[in-house]
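This report concerns only the one structure given below.
The values are calculated or read from the model by the stated rules, or taken from the named source; none is laboratory data. Keep in mind that this is a model prediction, so the values were computed, not measured. So basically every Cβ, Gly included, is an ideal-geometry build from the backbone, and we count neighbours across all protein chains shown. Heavy atoms of the whole protein, side chains included, go into the accessibility calculation; ligands, DNA and RNA do not. Shrake-Rupley method; radii C 1.70, N 1.55, O 1.52, S 1.80 Å.
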Amino acid sequence: EGGAPTGQSRLQSEASALVEDYNRKREAVVREVGLACEEWGFFQVINHGIPASAIRNLKEETRDFFALPIEEKVKVKRSSENALGYNDGELTKNTRDWKEVFDVAADGAYRLPGDDGDAQVFPNRWPSDLPLFRLANRFN
């Protein structure tokens, strides 16, 4: 007791310092993102490691999807049975937004826990005539 720290206590001390440093950095990032959203309404994430080619492919395929005729886009429209897919009828303050969206879940499906313990599962929906759109949206 009172002597030099053991290997285990030194490791615990270093781990604790790493956690504290991580928490400080995390809090700083949260503050910065919040400030950007308040002042500008958006923020950009850089140095995320996603290849530029993947981002380019996603943009191209997304552009192709939204260029489809409305008759094609509504084939994968969100509904009460599935919360994922295309939508052009969102409201803000009871006024229809001037936008179209396509919602997907990163892991292939959105799971909504139910009151009875069972989850309601909403799988991603994809337009059948744009196979590269699905491929460009892979998350893993």
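Choose one answer from GLY114, GLY85, GLY41: the residue with the largest mean-square fluctuation in a GNM of the chain with alpha-carbon springs under 10 Å.
GLY41
Pull out the extension gain between ILE46 and ASP118, defined as 0.36 nm times the separation in residues minus the alpha carbon to alpha carbon distance; nm, one decimal.
Additional length available on full extension: 22.1 nm.
Out of TYR86, TYR22, TYR110, any idea which swings most in a Gaussian network model of the chain, alpha carbons joined below 10 Å?
TYR22
Could you tell me what percent of the accessible area of the chain is made up of carbon and sulfur, with a 1.4 Å probe and every protein chain present?
Its accessible area is 54 percent carbon and sulfur atoms.
Quick one: of the DSSP bridges fully inside the range 31-140, what percent are antiparallel, nearest 5?
90
Per residue, what accessible area does the chain have, given a 1.4 Å probe and all protein chains present, in Å²?
Result: 80 Å² of accessible area for each residue.
Can you give me the angle between helix 52-66 and the longest principal axis of the chain, using Cα atoms only, in degrees from 0 to 90, rounded to the nearest 10?
The answer is roughly 30 degrees.
Once you keep just the Cα pairs under 8 angstrom separated by 6 or more residues, what percentage relative contact order results for the range 59-130?
27
As an exercise, identify the GluC sites (Glu not before Pro) in the range 1-99 lying in DSSP coil whose Cβ has no more than 13 other Cβ atoms within 10 Å.
Filter output for the range 1-99: GLU1, GLU81, GLU90.
Given the options SER13, SER79, SER128, which has the most mean-square fluctuation in a GNM of the chain, springs set between C-alpha atoms less than 10 angstrom apart?
Result for the chain, Cα springs under 10 Å: SER13 fluctuates most.
When only Cα pairs under 8 Å and 6 or more residues apart are kept, what is the percent relative contact order across the chain?
Relative contact order, the chain: 17 percent.
Binning at 5 Å from 0, report for the chain what percent of all alpha-carbon pair distances ends up in each bin.
2, 8, 10, 12, 13, 14, 13, 9, 6, 4, 4, 3, 2, 1, 0, 0
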